[in-house]
1. What's the percent breakdown of Cα-Cα distances in segment 99-219 across 5 Å bins, shortest bin first?
2. For segment 45-160, evaluate the Debye formula with one uniform point scatterer on each Cα (no solvent term) and list log10 I(q)/I(0) at q = 0.10, 0.19 Å⁻¹, rounded to two decimals.
3. Which lysines, on any chain, are close to LYS191 with Cα under 17 Å apart, when same-chain ones fewer than 8 places away are left out?
4. Give the shape of segment 153-281 as rounded, prolate or oblate, defined through the alpha-carbon gyration tensor: a ≥ b ≥ c are the square roots of its eigenvalues, a/c under 1.5 means rounded, and otherwise the shape is prolate if a/b is larger than b/c and oblate if not.
5. Name the long-range amide H neighbours of LEU119: under 5 Å, sequence gap of 5 or more, or other chain; modelled H, no Pro or chain starts.
6. Stokes-Einstein at 4 °C, 1.567 mPa s, Kirkwood radius from Cα pairs: D for segment 41-278 in µm² s⁻¹?
7. Evaluate the distance, in nm, between pseudo-label points positioned 7 Å from the Cα of SER156 and of LEU96 along their respective Cα→Cβ axes.
8. Place the peptides 92-103, 70-81 in order of packing, highest mean first, counting for every residue the other Cβ atoms within 10 Å and averaging per peptide.
Amino acid sequence: MARYAVYVIRKRTSLYTALTIAVMSSVLLMSYAVLQYVPWTNSQEALLVRAPMLTTDTWAVFDTQSGAIRYGNKVTNTAPIASVSKLFTAYAVYALGSEKSTTTIEWSDLNTEGETGKLAYGETYTLDELLFPLLMESSNDAGATVARSLGDRFASTVALVIQSEGLTETTIIEPTGLSPQNVSSPRDLAKFYTFVRRMYPHIIDITQLNMYKNHGAWLVNNIPVHELPTFSGGKHGFTPEAGKTFVGTFEIDGLSHEIGIVLLGSTDLRKDIEQILGSFN
């Protein structure tokens, strides 16, 4: 009987020890999920940030100088990018030196899905004028007009930058992002956005405007976070297949640098971006 009592006590003690270890392990894992060490390059300080709770599992924070991913989840996951594709369209205009080329709006341009951009049949624009409705109001009509005007050079220019910048997880088949076959990854979008901002900063400057008068019509920026004081440029998108998508940059209060954010498949862009920005506080 005494031996049995000792056995029961030892068994319960072992069980208690196992439970204690399990609980402590869970706490440590939870702590790791809440705090992450983020090493920044060169003179940038190292950060201890809280990992955010997001509506998507495909996202990244990146270094705006190098385009390198600092932390995130499924950063090489390929997914539709919706109107983030329009950054590639804008890039093609400048890469080809075609910003001052003119084009006249055709019915086929206006038949593109969506009614943003305030373009009218028969109006003549330079291609850089079309970048304002393209990037501020995400006009699919403007994207279709640009691609038609560039002809085969649009596809070849986009294909060339995808190859030269090593965007191995990216495919762009049309200029608007309406096709779910326009796909990329957080890693590729971070690299491409950083490259475009360095080479053609005017493209990103357009995305920071609140309003702009173009051919007598006022354009209004519809990027969900453009009014945030820390927003320093970017592009968003939405299709049923892609969900809500975003790539852009923000200044961090009290720190000496920006951060870049990529989100794919979000259901609430504004909330997700605020969660990431809040993780640095």
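All of the numbers you see were taken from the coordinates with simple rules; none came from a lab. Predicted model only: the values in this text are computed from it and were never measured. Neighbour counts are summed over all protein chains in view; Cβ atoms, including those assigned to glycine, are modelled from backbone coordinates with ideal geometry.
1. Each 5 Å bin holds this share of Cα pairs: 2, 11, 19, 24, 22, 14, 7, 2, 0.
2. After summing over all Cα pairs, the log10 values are -0.42, -0.98.
3. By straight Cα distance, LYS191 reaches LYS74, LYS86, LYS235.
4. Numbers: a/c = 1.43, a/b = 1.24, b/c = 1.16.
In terms of gyration-tensor shape, rounded.
5. none
6. On the way: Rh = 17.8 Å.
Rounded, D is 73 µm²/s.
7. Roughly 1.0 nm, to one decimal.
8. Details: 92-103: 16.6, 70-81: 19.9.
So the peptides 92-103, 70-81, ranked by packing, come out 70-81, 92-103.
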